[in-house]
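K.L.:
I'd like to ask you about the structure that follows.
The values are calculated or read from the model by the stated rules, or taken from the named source; none is laboratory data. This structure is a prediction, so every number in the text was calculated from the model and none was measured. Note: ideal-geometry Cβ built from the backbone for every residue, glycine included; neighbour counts use all protein chains shown. Side chains are part of the model used for accessible areas, which takes the heavy atoms of the whole protein and leaves out ligands, DNA and RNA. Shrake-Rupley method; radii C 1.70, N 1.55, O 1.52, S 1.80 Å.
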Amino acid sequence: MSPLPGAELVRSSVQLYRYLLRCCRRLPPGPIQQHYRHAVRQSFKVHADEDDPERIQQIIKRAIEDADWVMNK
């Protein structure tokens, strides 16, 4: 099960970024939510120069799987 509906529609890095921030809003407010929001922002910055479409799709797939794990934790 995906953390939020629409995970299967994420195709670009910007869509992934918005999707992950929406997932963060569902976490309990406070340090946990702040930690994951910061992690999403940092990961987006680290991978901003990625231009290989196959690698981008791998990153998207892994990020959605990780979000699913965090939301079910």
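K.L.:
What is the dipole size for region 7-72, taken about its Cα centre, with +1 at each Lys and Arg Cβ and -1 at each Asp and Glu Cβ, in debye to the nearest 20?
P.N.:
420 debye
K.L.:
Report which label in (i) 57, 52, 22; (ii) 55, 24, 16; (iii) 35, 25, 16 holds the value of Cα extents along the principal axes in Å derived from the coordinates of this structure.
P.N.:
(iii)
K.L.:
Please give the solvent-accessible surface of Lys45 in Å², to the nearest 10, using a probe radius of 1.4 Å with every protein chain present.
P.N.:
140 Å²
K.L.:
Taking the 0 to 90 degree range and rounding to the nearest ten, how far is the long axis of helix 13-25 tilted relative to the main principal axis of the chain, both from C-alpha atoms?
P.N.:
With rounding to tens, the tilt is 10 degrees.
K.L.:
Just want to confirm a number: the relative contact order over region 1-65, from Cα pairs under 8 angstrom separated by 6+ residues, in percent.
P.N.:
Across region 1-65, relative contact order equals 45 percent.
K.L.:
Where only protein heavy atoms count, and the probe is 1.4 Å, what is the accessible area per residue for region 7-72 in Å²?
P.N.:
Counting only protein heavy atoms, the per-residue value for region 7-72 is 74 Å².
K.L.:
Working out 0.36 nm times the residue gap between Asp68 and Arg11, then minus their Cα-Cα distance, what length gain in nm do you get to one decimal?
P.N.:
18.8 nm is the gain from fully extending Asp68 to Arg11.
K.L.:
Starting from the 7 Å offset along Cα-to-Cβ, what nm value, one decimal, do you get for the label separation of Phe44 and Arg22?
P.N.:
Computed distance between label sites Phe44 and Arg22 equals 1.4 nm.
K.L.:
From the phi angles alone, apply the Karplus equation (6.51, -1.76, 1.60; θ = phi - 60°) to region 64-71 and give each ³J(HN,Hα) in whole Hz, x where the residue is Gly or Pro.
P.N.:
After applying 6.51 cos²θ - 1.76 cosθ + 1.60, I find 5, 4, 5, 5, 4, 5, 5, 5 Hz.
K.L.:
Could you please state how large a percent of the accessible area of the chain is carbon and sulfur, counting protein chains only and using a 1.4 Å probe?
P.N.:
55 percent
K.L.:
Which angle between 0 and 90 degrees, to the nearest 10, do you get for helix 31-46 versus the longest principal axis of the chain when only C-alpha atoms count?
P.N.:
That works out to roughly 10 degrees.
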